[in-house]
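Trainee: Below is the structure I would like to discuss, written out as structure tokens.
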Amino acid sequence: MADRSGTAAAMDVEAEVVIVGAGIAGLATALALRRVGVGVAPGGVLVLERHAELRSAGAALTIFPNGWFALHALGVAHKLISRYDAFETSRVTTLETGATQVFRFAGRKSSGDDVKVRPMHRKALLEALAEELPPGTIRFSSRVVSIDSEGSPQIAVLRLDDGTVIRSKVLIGCDGVHSVVAQWLGMSEPASSGRSAVRGLSVFPDGHGLKKEIRQFLSEGLRAGMVPISETDVYWFLVNNTISAEKEAGADPAKILREVTDNLGRNMPAEYLDVARHSDLGNLSWAPLLYRHPWAILTGPAARGAVTVAGDAFHPMTPDMAQGGCSAPEDAVVLARALSRAATPAAGVAAYVSERRWRAAWMVAGAYLSGWVQQGGTNVQGVRGYMVRLFRDCIFYRFLFPRLADTMWFNCGELVERKEQGKTHSE
């Protein structure tokens with residue numbers, strides 16, 4: 001298990017690779033580099049996490065086939081497949097009409113019994129990745145306050161809030177939507193989608209009795225859903241056009257839950273409201289949905305020398321196609337493979353960014369479009385709103401959504417350790 005001791009004393013540190021952020025992207029990248037033999041020497045790869053332990057924010061996520069391909073390449077899929085059941089269907093109900101559409105995830109595709117849709121606890125994925133890393137890889141309570149190159153394009157210099165100075169040949173920002181590394185690269189700030197999401201985890205000690213399927217409910221300006229994770233736990237969400245009550249509720253879980261049950265979701269089905277009322281208040285959040293414009297991903301400065309970004313730091317997206325947690329391991333695999341094959345770290349970073357730009361932009365655009373249409377448009381009313389909903393119910397789900405769903409079947413490939421004359425890449 002990765003070392004979880006507190007902040008180390010201030011010092012000067014040398015590392016081959018520094019990864020900022022110990023979320024899914026950061027841990028997956030550290031593990032991918034280890035799998036290909038980059039930075040395998042002690043202290044070769046260092047992951048900096050500003051929190052005191054692995055973050056459990058974001059109670060659950062759903063891993064689609066593309067995520068499982070990446071997790072197989074990382075060598076951790078088997079640890080999760082045995083714990084979480086596969087789902088075959090999604091059921092979407094439009095509340096105004098009562099019409100329900102049922103979708104099968106596999107369609108005509110088949111890639112084995114283990115490459116299927118599985119919801120899981122986010123913490124379980126983080127722990128599965130962290131367990132594969134050597135002790136000392138993760139440095140907790142380590143917040144980056146500045147980055148510079150000290151005039152050398154081959155070295156990135158990071159200063160932490162405790163005074164520690166770290167010099168690294170490769171710097172990878174996996175520090176989320178408001179990434180310090182992305183800001184240093186000059187990437188644009190994420191934009192508001194005009195929507196927000198309440199996310200919760202409900203616990204039924206005696207069992208919830210729900211079918212193993214993803215249920216969604218659509219209403220004007222709202223999209224809600226619930227997903228059983230285990231026999232006792234249910235992940236649920238409600239996506240709404242951003243309203244002032246979000247700021248008023250703030251970080252008070254009790255106020256958030258009342259807003260859902262008494263206001264926003266009051267017309268949702270009784271079974272959905274029952275799930276919401278069973279929420280574990282420690283896993284309840286309400287936050288705006290942000291994304292980076294696709295053209296900014298295609299043209300923005302996602303690399304400078306051997307400095308780059310991955311996961312939400314590179315391509316933050318709305319959660320409407322559940323690709324945030326799936327695309328991060330993809331990034332990790334592609335980045336590690338590029339670094340292991342390149343003559344220099346900068347060349348590896350450039351190859352990675354070139355390979356990922358178009359897919360990342362497509363995922364962001366697809367997620368935004370999917371959410372906007374399913375919710376009936378963002379703050380779109382009257383005749384325009386009616387036309388959007390008509391498009392959604394008659395065209396989107398039948399013809400466009402299956403094409404967007406192909407995104408979920410992308411295979412990022414395998415990881416193979418590079419060896420030259422009996423030595424690993426890091427030697």
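The values are calculated or read from the model by the stated rules, or taken from the named source; none is laboratory data. What you are looking at is a predicted structure, and each value in this text was computed from that prediction instead of being measured. Counting neighbours? That spans all protein chains shown, and the Cβs are built from the backbone with ideal geometry, glycine included.
Trainee: Somewhere in the range 254-267, is a residue crowded, with 17+ Cβ neighbours inside 10 Å and assigned to a loop (DSSP other than H, G, I, E, B)?
Mentor: yes
Trainee: Which residue, of Arg122, Arg215, Arg199, is basic (Lys, Arg), in the same structural domain as Ala346 (by TED's automatic domain parsing), touching a helix residue (DSSP H, G or I) at 6+ places or on another chain (Cβ under 9 Å) and within 26 Å of Met317 (Cβ to Cβ)? Please lay out each step first, then the result.
Mentor: Details: Arg215 fails: in the same structural domain as Ala346 (by TED's automatic domain parsing); Arg199 fails: in the same structural domain as Ala346 (by TED's automatic domain parsing).
Just one listed residue meets the conditions, Arg122.
Trainee: Shifting gears a bit: Assess whether Phe103 counts as being aromatic (Phe, Trp, Tyr), in contact (Cβ under 8 Å) with a residue 60 or more places away in the chain and not assigned by TED's automatic domain parsing to the domain that holds Trp372. Give the steps one after another, and end with the answer.
Mentor: Values: aromatic (Phe, Trp, Tyr): yes; in contact (Cβ under 8 Å) with a residue 60 or more places away in the chain: yes; not assigned by TED's automatic domain parsing to the domain that holds Trp372: yes.
Criteria met by Phe103.
Trainee: Same structure, new question: For the range 333-377, which positions are surrounded by 19 or more Cβ atoms within 10 Å (Cβ to Cβ) and not in a helix (DSSP H, G or I)?
Mentor: Matches in the range 333-377: Gln375, Gly376, Gly377.
Trainee: May I ask you to list the residues in the range 158-176 that are buried (at least 18 other Cβ atoms within 10 Å of the Cβ) and either without any contact (Cβ under 8 Å) to a residue 24 or more places away in the chain or not in a strand (DSSP E or B) (or both)?
Mentor: Thr164, Cys174, Asp175, Gly176
Trainee: Among the candidates Pro329, Pro316, single out the residue that is modelled with pLDDT of 95 or more, part of a loop (DSSP other than H, G, I, E, B) and within 26 Å of Ile63 (Cβ to Cβ). Spell out the reasoning first.
Mentor: Values: Pro329 fails: part of a loop (DSSP other than H, G, I, E, B).
Testing whether each residue is modelled with pLDDT of 95 or more, part of a loop (DSSP other than H, G, I, E, B) and within 26 Å of Ile63 (Cβ to Cβ) leaves just Pro316.
Trainee: Listed residues Leu273, Leu289; which is aliphatic (A, V, I, L, M) and either over 22 Å from Gln375 (Cα atoms) or part of a helix (DSSP H, G or I) (or both)?
Mentor: Exactly one residue qualifies, and that residue is Leu273.
Trainee: Which number in (1) at pLDDT 95 or above; (2) within 23 Å of Phe64 (Cβ to Cβ) marks the one condition that Leu218 misses?
Mentor: Unmet for Leu218, out of (1) at pLDDT 95 or above; (2) within 23 Å of Phe64 (Cβ to Cβ): (1).
Trainee: Same structure, new question: Considering only residues that are of a type in the set (A, V, I, L, M), modelled with pLDDT of 95 or more, in a loop (DSSP other than H, G, I, E, B) and surrounded by 24 or more Cβ atoms within 10 Å (Cβ to Cβ), which ones fall in the range 28-79?
Mentor: Across the range 28-79, there are no qualifying residues.
Trainee: Got a number for residues in the range 188-226 being without any contact (Cβ under 8 Å) to a residue 60 or more places away in the chain, surrounded by fewer than 22 Cβ atoms within 10 Å (Cβ to Cβ) and in a strand (DSSP E or B)?
Mentor: Residues meeting the conditions: 1.
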